[in-house]
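Taking it in order: structure first as structure tokens, then the write-up.
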Amino acid sequence: MQISFKTYTGGVIALDAKVGTDTTTLTFILDTGSGGISLDSATCRFLKINTRLSDTTVTGIAGKKRVAFVFDQTLTLPGLKTDHLNFYVNDYSELSAIYGERIDGIIGYAFLSKYILKINFDSSQIQIFSQGKIKYGNNGTLLTPAINSLPVQKLTVKDNRKVSFDFYMDTGAGLCFLMSDTFASDSNIISSKRKPVTTQAEGLGGKTLMRLTVVKQLRIGPYRFRNVPAHLYDDKLNITAYPYTGGLLGNDLMRRFNMTLNYAAREIFIVPNSHFFEEFDYAYTGLMLYDDGDAGIIIKDIIKGSPADKAGLKENDVVIGINNNFSGKIITYSNLLQKAKEKIKLLIKRDNIFEIVTIQPTSILP
């Protein structure tokens, strides 16, 4: 079977599905960085799905929390029905605000382990096959990651020095590359001359501050990328499982390949696609945009001393337009801000007064 998907900022994959016998179409993120499958708590209330509190805890970038479950449910994709799935329940309101669309859940290992998926970022199509033998094609590279709910692949990273280490492959992460501070420190991978900037990041459990820089080179299989944006994360809860892994490879880099996920065979086949040579986003603004529904697109989380702070932007400013774009679409506005060293005009509303503010994002390139 074949289904369509759309991508959010950072290449994150979103697809439509239904749960149980309800006919409501829901939006799920396809996430190799999730060890299960989950539903949004507000979606459960809307669909009147009974949840049951459990002793299970899930850990994300901003903390650990106890979760409820929905047991023995059915997930229906166009042409495919998967029964007997246990969904844990989480609050995805932050993700919904970031992407500007309601996020109803996350599809992870509990589903991915049952099938073979061919993900094509050129056509925005996913083909889903039952487990068994499959031909990958002549072009591309076969990776053989360790898969114990999450795929772990050895990467070679070069900056201050060259290091080969294991990293999670995380299609749910809308960034290129992330390292735990402990790994970065122990490996001495980052040049001491580099001065990372502070940024905000979101994930399971909420949001947290990270630092953002670049690494000179990253290699996966035979494929090399230069000047790759890299997040540095103070991993107090050790969700990156160091020293087992050093961090994760996100989908802003992985989307540059068409991928076949074959968990049963512990294989991931990658082929460079039309996005392979796209330039990375090096722009740094020091702000976050949130879709606040009827209130519009709101500026949040301004980092002190950042270009947004220096431009005079304030938290809760409402973005009416950027340059000549007044679409009100958060993904469009986010993309318009990804222009390092260019002057960008924002029409904002603050205390019911309209203002034009000019911001000039800096570049994280050394």
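Rule-based calculations on the coordinates, nothing more; no lab input. This one's a predicted model, so the numbers in the text were calculated from it and none came from an experiment. Please note: Cβ atoms are built from the backbone with ideal geometry, for glycine as well, and neighbour counts cover all protein chains shown.
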Charge dipole of region 2-130 about the Cα centre (unit charges at C-beta), most positive-ward option of Ile49, Tyr109, Leu30: Ile49
Inter-label distance, nm, simple model (7 Å from Cα along the C-beta direction), Arg66/Asp91: 1.6
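With the Cα gyration tensor of region 61-176 giving a ≥ b ≥ c as the square roots of its eigenvalues, does the rule (a/c under 1.5 for rounded; else a/b larger than b/c for prolate; else oblate) give rounded, prolate or oblate?
Oblate is the answer for region 61-176, as a/c is 1.5 or above yet b/c matches or exceeds a/b.
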Inter-probe distance in nm under a simple model that places probes 7 Å from Cα toward Cβ, at Ser130 and Arg52: 3.0
Above-threshold pairs, the threshold being 23 Å between Cα atoms, out of Lys81/Lys118; Lys65/Lys114; Lys6/Lys133: Lys65/Lys114; Lys6/Lys133
Assigned charges on the beta-carbon of Lys, Arg, Asp, Glu; region 2-130 dipole about Cα centre (debye): 180
For Ser363, net neighbour charge (Lys/Arg +1, Asp/Glu -1) across residues whose Cβ lies under 11 Å away: 0
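Lys and Arg at +1, Asp and Glu at -1: add these up for the other residues within a Cβ distance under 11 Å of Asp281 and post the number.
Details: positive: Lys339; negative: Asp252, Glu278, Glu279.
That sum, taken over residues with Cβ under 11 Å, equals -2.
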Under the Karplus curve 6.51 cos²θ - 1.76 cosθ + 1.60, θ = phi - 60°, whole-Hz ³J(HN,Hα) for region 249-265, x wherever Gly or Pro sits: 9, x, 7, 5, 9, 5, 5, 7, 10, 7, 10, 10, 9, 10, 5, 4, 8
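Using the Kirkwood formula over every pair of different C-alpha atoms, what hydrodynamic radius in Å results for region 2-130? Could you put the intermediate results ahead of the total?
Details: mean 1/r = 0.0666 Å⁻¹.
One over the average 1/r among Cα pairs gives 15.0 Å for region 2-130.
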Rounded Å value of the spacing that divides the Cα centres of region 66-140 and region 296-360: 34
Charge dipole (debye, nearest 20) of region 62-113; +1 at Cβ of Lys and Arg, -1 at Cβ of Asp and Glu: 180
Helical contribution to [θ] at 222 nm, DSSP H n ≥ 4, -39,500 (n - 2.57), averaged over the chain, rounded to 500: -2500 deg cm²/dmol
Pairwise label distance in nanometres, Ala14 with Asp351, each label 7 Å out on the Cα-Cβ vector: 3.4
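Calculate, in nm to one decimal, what Asn120 and Asn238 gain on full extension: separation in residues at 0.36 nm each, minus their alpha carbon distance. Intermediate values should be presented prior to the final figure.
Numbers: separation 118, 0.36 × 118 = 42.48 nm, distance 3.24 nm.
Working it through step by step, the gained length comes to 39.2 nm.
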Set of aspartates and glutamates near Lys341 by C-alpha distance (under 14 Å), chain-local residues within fewer than 8 positions excluded: Asp281
Per-peptide average of other Cβ atoms within 10 Å, ordering 135-143, 34-42, 337-345 highest first: 34-42, 337-345, 135-143
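More than 21 Å apart: what percent of Cα pairs in region 146-243 qualify?
Values: 1397 of 4753 pairs.
Distances greater than 21 Å cover 29 percent of the Cα pairs.
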Net charge of neighbours whose Cβ lies under 11 Å from the Cβ of Leu77, counting Lys and Arg as +1 and Asp and Glu as -1: +1
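Once a ≥ b ≥ c are taken as the square roots of the eigenvalues of the Cα gyration tensor of region 287-366, is the result rounded (a/c under 1.5), prolate (a/b larger than b/c) or oblate (a/b not larger than b/c)?
Values: a/c = 1.62, a/b = 1.40, b/c = 1.16.
Because a/c hits 1.5 or more and a/b exceeds b/c, region 287-366 counts as prolate.
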Mean separation of Cα contacts under 8 Å (6+ apart) over length of region 141-253, as relative contact order %: 36
Karplus-derived HN-Hα couplings along region 307-319 (A = 6.51, B = -1.76, C = 1.60, θ = phi - 60°), whole Hz, x at Gly and Pro: x, 5, 5, 5, 6, x, 5, 10, 4, 6, 4, 9, 7
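With the cut-off at 19 Å, tell me which of the pairs Lys310/Lys345; Lys64/Lys207; Lys193/Lys216; Lys158/Lys304; Lys300/Lys349; Lys216/Lys310 have Cα atoms farther apart than that.
Working: Lys310/Lys345 14 Å; Lys64/Lys207 12 Å; Lys193/Lys216 13 Å; Lys158/Lys304 30 Å; Lys300/Lys349 14 Å; Lys216/Lys310 29 Å.
Beyond 19 Å between Cα atoms: Lys158/Lys304; Lys216/Lys310.
How big is the charge dipole of the chain about its Cα centre, in debye rounded to the nearest 20, if each Lys and Arg gets +1 on its Cβ and each Asp and Glu gets -1 on its Cβ? Intermediate results must be reported in sequence, preceding the final value.
On the way: 42 positive and 35 negative charges, 218 e Å.
Dipole size: approximately 1040 debye.
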Leading residue at positive end of dipole, the chain (Cβ point charges), from Gln2, Ser130, Pro196: Pro196
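In what sequence, highest mean first, do 114-125, 160-171 appear when ranked by Cβ atoms within 10 angstrom? Please list the in-between numbers first.
On the way: 114-125: 16.8, 160-171: 18.8.
Those peptides, ordered most packed to least, come out 160-171, 114-125.
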